[in-house]
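The values are calculated or read from the model by the stated rules, or taken from the named source; none is laboratory data. Everything quoted here is computed from the prediction, not taken from an experiment. Virtual Cβ from ideal backbone geometry, glycine too; neighbours counted across all protein chains shown. Quick note on the areas: whole protein, heavy atoms, side chains included, nothing else; ligands and nucleic acids left out. Shrake-Rupley method; radii C 1.70, N 1.55, O 1.52, S 1.80 Å.
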Amino acid sequence: MIFASTRGRSATVGFREAVFRGLADDGGLYHPTTTPDLGGLFRSLDAEAPFVETARRVSLALFADELGTGSVERIARAAFTFEPSLVPVDERRMLLELFHGPSYAFKDFGAAFLAAAMEEMIADGGGEAVILVATSGDTGSAVARAFHGRRGIRVVILYPSGRVSRLQEMQLTTVGGNVTALEVKGSFDDCQRMVKEAFLDRGLARDLHLTSANSISLGRLLPQAFYYIHAATVLRRGRAGDPAPWFCVPSGNFGNLTAGVYAWRWGLPVAGFVAATNVNDVVPEYLESGVFRPRPSVQTLSNAMDVGNPSNFERLLAIFGGSVERMKAAIRPEVVSDAETLATIREASMHSGLLLDPHTAVGWKATERLIKEMEKAEGRFRGRVIILATAHPAKFLETMREATGREIELPAGLQAALRATKRSIVVDNTLEGLRQVLRGLPAA
Ligand SMILES: *Cc1c(COP(=O)(O)O)cnc(C)c1O
């Protein structure tokens with residue numbers, strides 16, 4: 001595949017270059033310049049096969065030209081040691097649980113593929129790299145776990161001291177090995193600024209081979225298409241004549257949804273997408289008014305979706321040729337408030353025994369509205385909706401307690417993180433503080 005900048009003023013690049021550069025020179029995001037037709041491949045996938053097999057076959061179709069068959073197979077196998085799980089709820093709804101990876105959220109899929117791809121590409125070139133990430137909580141632990149133990153790579157994670165939950169902090173600071181946690185005396189914005197400044201320090205960036213692993217990376221985005229393909233394949237088993245499914249996606253930065261739209265454009269049969277957001281509704285507003293009005297984010301219970309200027313909007317615009325009408329034909333917006341989120345968690349737990357984390361609950365509520373509106377319009381809703389379950393409910397103990405009045409049991413991996421020994425380096429919120437730590441890192 002060949003990738004170009006969404007702003008169109010930068011040279012086209014291959015996957016390797018797109019991954020190591022992150023952002024294009026003109027400030028745009030990389031996106032595919034062509035739309036491969038993978039419909040035949042999708043139909044030939046085995047519905048009984050494990051996820052890693054689907055991932056392997058789609059990865060080969062996308063990347064083997066550039067990276068070679070052997071490399072791509074190694075990447076897919078090394079990345080996916082965990083599986084998504086498609087759980088039927090009733091005739092019309094099922095949950096695609098994406099939280100069975102090492103950090104208990106869907107970001108594990110993208111992070112795992114990126115880490116395995118970087119390890120393979122670095123080993124190929126005989127080099128090494130330092131990954132710098134600023135985190136406000138969740139992304140950092142997915143990245144830390146994905147890169148742990150990868151050869152030739154060191155990871156430095158900056159998080160704001162005292163401003164992440166205890167569970168998040170323990171997930172970040174107990175990985176060890178090639179992962180260093182920096183506890184910054186400052187805010188998340190300070191962490192982001194320090195990372196930016198480090199990249200702008202040419203000498204430092206060059207000497208240490210600084211690389212980013214943030215959410216705009218194509219190496220994280222594209223593999224998220226794999227679980228849409230896997231879910232549709234599993235659903236098709238024994239029911240070839242059924243209508244194509246809907247996908248409902250709890251969205252913030254819109255990476256997850258964009259990956260699903262890519263899968264659809266490559267030939268996956270999809271009835272439509274529901275973009276479910278909390279009150280940070282910049283994209284739903286655009287779909288209704290045609291005006292994109294980014295603004296500061298508002299804090300909500302589904303805080304991983306508190307995004308006021310979703311970066312992947314540029315990629316969505318590119319897919320739909322800048323046409324709001326075309327985007328609307330594929331994506332239905334739904335906005336869900338915190339009060340509705342709490343009520344949804346409570347009702348799903350009482351009536352169906354389901355434990356929905358606050359992000360998945362936004363998707364659940366949006367799906368209820370979709371089904372109601374379709375019934376109004378068509379008398380009966382014959383379709384099926386796959387709701388992406390993006391995080392394990394145990395990551396949000398307080399909200400779950402407030403909504404259900406019950407305590408949730410922590411999965412083993414989270415219990416282990418809480419028992420482990422915290423290791424962090426405390427630094428001032430200055431580039432000098434970061435520079436000293438980076439210069440002092442042992443070799444990878
Ligand atoms: C990041 C995140 C989201 C939002 O995904 P985007 O790709 O940013 O739209 C939703 N739920 C959870 C739990 C997340 O961590």
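What share of all Cα pairs of segment 77-190, in percent, falls into each consecutive 10 Å distance bin?
14, 40, 29, 13, 4, 0
Sorting check: for 297-310, 29-42, which peptide has the highest mean count of neighbouring beta carbons within 10 Å, and how do the rest follow?
On the way: 297-310: 19.4, 29-42: 16.5.
Put in order of decreasing packing, that is 297-310, 29-42.
For the pair Arg43 and Arg151, what calculated FRET efficiency results from E = 1/(1 + (r/R0)^6), where r is the Cβ-Cβ distance and R0 = 41 Å, to the nearest 0.05?
Working: r = 37 Å, r/R0 = 0.91.
The computed FRET efficiency comes out at 0.65.
DSSP beta bridges in the chain, what fraction antiparallel, as a percent rounded to 5?
On the way: 10 of 47 bridges.
Roughly 20 percent of the beta bridges in the chain run antiparallel, per DSSP.
Residues of segment 318-336 with the amide nitrogen closer than 13 Å to a label point 7 Å from the Cα of Lys372, along Cα-to-Cβ, please.
335-336
To the nearest 20 Debye, how big is the dipole of the chain about its Cα centre, given +1 on the beta carbon of each Lys and Arg and -1 on that of each Asp and Glu? Can you show the working numbers first?
On the way: 50 positive and 49 negative charges, 51 e Å.
Value, rounded to 20: 240 debye.
Which percent of the accessible heavy-atom area of the chain goes to carbon and sulfur, probe 1.4 angstrom? Write out the running numbers ahead of the final one.
Values: 8760 of 18240 Å².
In the chain, the share of accessible area belonging to carbon and sulfur is 48 percent.
For segment 179-286, what does the equivalent ellipsoid look like in terms of its semi-axes, each the square root of 5 times an eigenvalue of the Cα gyration tensor, given largest first in whole Å?
On the way: eigenvalues 283, 64, 27 Å².
Over the Cα atoms of segment 179-286, the semi-axes work out to 38, 18, 12 Å.
Could you list the GluC sites (Glu not before Pro) in segment 366-444 that lie in coil according to DSSP, counting only those with at most 12 other Cβ atoms within 10 Å of their Cβ? Please list the in-between numbers first.
Numbers: sites: Glu368, Glu373, Glu375, Glu378, Glu398, Glu402, Glu407, Glu409, Glu432; in loops: Glu407, Glu409.
The qualifying sites are Glu407, Glu409.
Between Ala244 and Arg382, what length in nm is gained on full extension when 0.36 nm per residue of separation is reduced by their alpha carbon distance? Mind dumping the intermediate values first?
Working: separation 138, 0.36 × 138 = 49.68 nm, distance 1.04 nm.
That works out to 48.6 nm of additional length.
Taking the 0 to 90 degree range and rounding to the nearest ten, how far is the long axis of helix 358-378 tilted relative to the main principal axis of the chain, both from C-alpha atoms?
Between the helix axis and the principal axis of the chain, the angle is about 30 degrees.
Could you tally the net charge around Thr34, taking each other residue with its Cβ under 15 Å from the Cβ of Thr34, Lys/Arg +1 and Asp/Glu -1?
Numbers: positive: Arg265, Arg315; negative: Asp37, Asp65, Glu66.
That works out to -1.
Taking 0.36 nm per intervening residue step and subtracting the Cα-Cα distance, what contour gain separates Ser187 from Ala271 on full extension? Working shown, then result.
Numbers: separation 84, 0.36 × 84 = 30.24 nm, distance 4.21 nm.
Roughly 26.0 nm would be gained on extension.
Identify the residues of segment 220-262 with backbone N under 20 Å of a label point that sits 7 angstrom from the Cα of Phe199 along the Cα-to-Cβ direction, or state none.
Backbone N within reach: 220-223, 253-256.
Test of understanding: what is the full-extension gain from Ser323 to Ala64, defined as 0.36 nm times their sequence separation minus their Cα-Cα distance?
Details: separation 259, 0.36 × 259 = 93.24 nm, distance 3.24 nm.
So the chain would gain 90.0 nm between Ser323 and Ala64.
Which FRET efficiency value, to the nearest 0.05, do you get for Glu285 and Val87 by plugging their Cβ-Cβ distance into 1/(1 + (r/R0)^6) with R0 = 35 Å? Walk me through the numbers before you get to the answer.
Numbers: r = 32 Å, r/R0 = 0.92.
Using R0 = 35 Å, I get an efficiency of 0.65.
Given Cβ point charges of +1 (Lys, Arg) and -1 (Asp, Glu) and nothing else, what value in debye, to the nearest 20, does the dipole of segment 373-428 about its Cα centre take? List each step's numbers first, then the result.
Details: 10 positive and 8 negative charges, 49 e Å.
Result for segment 373-428 is approximately 240 debye, rounded to the nearest 20.
What is the magnitude of the charge dipole of segment 267-351 about its Cα centre, with +1 placed on the Cβ of each Lys and Arg, -1 on the Cβ of each Asp and Glu, and no other charges, expressed in debye to the nearest 20?
Details: 7 positive and 10 negative charges, 52 e Å.
Here segment 267-351 has a charge dipole of around 240 debye.
Please state the relative contact order of the chain as a whole percent: Cα pairs under 8 Å, 6+ residues apart?
18
Okay, helix-only estimate at 222 nm for the chain: each DSSP H run of n ≥ 4 adds -39500 (n - 2.57), divide by all residues, round to 500 deg cm²/dmol; what do you get? Mind showing how you got there, number by number?
Working: 20 runs with 208 residues, N = 444.
Helix-only estimate at 222 nm: -14000 deg cm²/dmol.
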